[in-house]
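The values are calculated or read from the model by the stated rules, or taken from the named source; none is laboratory data. Please read all numbers here as calculations on a predicted model, not as lab measurements. All Cβ positions, glycine included, derive from the backbone under ideal geometry; neighbour counts span all protein chains shown. SASA here: full protein model, heavy atoms, side chains in, ligands and nucleic acids out. Shrake-Rupley method; radii C 1.70, N 1.55, O 1.52, S 1.80 Å.
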Amino acid sequence: MKRLALGLAIVLAAMATADAQTADRLHVMDCGHNSAKDQSLWSPGINVGKPIEQANTCTLVRHGIQWLLWDTGYPDAIAEQPVDTPVGHATRTRTLAAQLAELGVKPEDIAFIAVSHTHADHIGNVDRFPAATLLIQKAEFDWAFAPGKRPLFKKDRAMRLLEGDLDVFGDGSVILLSTPGHTPGHQSLLVHLARTGWIVLSGDAAHFRDNWDNDRVPSINTSAEQTHESHARLAKIVAEKKAQLWINHDLPTFEQLRHAPQSYD
Ligand SMILES: [Zn+2]
């Protein structure tokens, strides 16, 4: 009888794995705010001299017994000490650490961190998760750690250097999409949830809605051609999956979303 019960448990577990084509839940976290004086830094020739307020978002995804953290935002230290950067005034209302603690998630509970790219406002807290495996495109890593560049996080860590897309959990529920152009190895995240459906987290493929709608290329992007290709790729996926598009720095998007400790499932 015991053996039968065990057998049944194994079969049920196998079925659960086979059917697990959605992540369990997703939390949107506040990872900072940028007050920029000139929107045209991102939209050459458009809205020159017009200020813009920008969100900075981190996202935590639960899959089975594992957590994946997508982007890590500004360093938590900015909560204590806001800084002026070349693109604006950076602040943090809450630390990432405090938002994780509120959810009962310890840094060592996080199996994977994936970063859209290596600009300072996305990798600020990577070193807080030394036990997690960092998922980053090889092209991005090679660019970020090129000779003469100041390293922004410790490269001596568990890491997977990707060359293209990655089905993170092997069941199609959480997929990293190679979307270069903003930087050489920029990537986006596609998540499937049971009730919410598909979501595209586009990182900095576009910085705000108007740039997305008009396929604009910020002057700091490393390739205009790749940026256009990545926009087209993401637009196709959004249409095919009837996905929601969540643009990381787009403040109206951030304000419309439910924030941690609330969740999407
Ligand atoms: Zn960026």
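Springs join every pair of Cα atoms under 10 Å in this Gaussian network model of the chain, and among ALA23, ALA158, ALA36 the largest mean-square fluctuation is at ALA158. Taking 22 Å as R0, compute the FRET efficiency from the Cβ-Cβ separation of HIS89 and SER219 and round it to 0.05. That gives a FRET efficiency of 0.60. Electrostatic bookkeeping for ALA146 treats Lys and Arg as +1 and Asp and Glu as -1; over the other residues with beta carbon under 15 Å from its beta carbon, the sum is +2. The value of relative contact order for the chain, using C-alpha pairs under 8 Å at least six residues apart, is 20 percent. Ordered from highest to lowest accessible area with the whole protein assembly present and a 1.4 Å probe, HIS186, HIS228, HIS63 read as HIS228, HIS63, HIS186. Rounded to two decimals, the Cα-based Rg/Rh of the chain, with Kirkwood Rh, is 0.99.
Taking a straight Cα-Cα cut-off under 26 Å and skipping sequence neighbours fewer than 8 places away in the same chain, the lysines within cross-link reach of LYS106 are LYS154, LYS155. Treating cross-link reach as a plain straight distance, find the aspartates and glutamates whose alpha-carbon is under 19 Å from the alpha-carbon of LYS236, omitting any fewer than eight places away in the same chain. Result set, ordered by chain and number: ASP165, ASP167, ASP204, ASP210, ASP213, ASP215, GLU225. Computed over the chain with a Gaussian network model linking Cα atoms closer than 10 Å, the most mobile of PRO86, PRO51, PRO184 is PRO86. For the chain, the longest principal axis of the alpha carbon atoms and the long axis of helix 2-19 meet at an angle near 30°.
Among the GluC sites (Glu not before Pro) found in the stretch 125-232, those both in a DSSP coil and sparsely packed, with 13 or fewer other Cβ atoms within 10 Å of their Cβ, are GLU163. The GNM of the chain, with springs linking C-alpha atoms under 10 angstrom apart, assigns the highest mean-square fluctuation among ASN214, ASN56, ASN125 to ASN214.
Here the spin labels are modelled as points 7 Å beyond Cα on the Cα-Cβ line, and at ALA232 and LEU103 they lie 3.6 nm apart. Normalised by residue number, the volume inside the convex hull of the Cα atoms of the stretch 94-245 is 134 Å³ per residue.
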